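The values are calculated or read from the model by the stated rules, or taken from the named source; none is laboratory data. Because the structure is a prediction, the values reported are computed rather than measured. With ideal geometry, Cβ positions are generated from the backbone for all residues, glycine too; neighbour counts draw on all protein chains shown. These accessible areas exclude ligands, DNA and RNA; they are computed on the full protein's heavy atoms, side chains included. Shrake-Rupley method; radii C 1.70, N 1.55, O 1.52, S 1.80 Å.
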Amino acid sequence: MKIVLLYLICINILTLSLFGVDKLLAIKNKRRIPEKDLLAFSFVGGAIGGLLGMFMFNHKVSKGSFLWKFTFVLIAQIVLFVFMRI
């Protein structure tokens, strides 16, 4: 159980960081982190970090297609964790 908790903490910090870096890259008009990568990190346990990143950095909150995909990932992750009893 401690390993799972440590994993979730690390993946959420990483996902939060990726959202922040992507926002910084967007501001500087540089090459961005693909949405599929942001969603993949969110799906493998980083949905809370992604959600925090979206609100902390005001990033991707007005892009409807990303919000739908992210909502699906968040719900899938919640269902997965409920069934795994984490």
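If you roll a 1.4 angstrom probe over the protein chains with everything in place, what fraction of the accessible area of the chain belongs to carbon and sulfur, to the nearest %?
Numbers: 4420 of 5940 Å².
Carbon and sulfur: 74 percent of the exposed surface of the chain.
For the chain, the spherically averaged projection of the C-alpha convex hull amounts to 5.4 nm². Projecting the Cα positions of 57, 78, 1 onto the charge dipole of the chain (unit charges on Cβ atoms of Lys, Arg, Asp and Glu, taken about the Cα centre) puts 57 furthest along the positive direction. Note that the chain presents 69 Å² accessible area per residue, ligands and nucleic acids not counted, probe 1.4 Å.
Between residue 37 and residue 3, what FRET efficiency comes out of the Förster formula 1/(1 + (r/R0)^6) with R0 = 25 Å and r the beta carbon distance, rounded to 0.05?
Details: r = 24 Å, r/R0 = 0.97.
According to the calculation, E is roughly 0.55.
Tell me the net charge near residue 52. Cut-off is 13 Å between Cβ atoms, residue 52 excluded, with +1 for each Lys or Arg and -1 for each Asp or Glu. Local charge sum for residue 52: +2.
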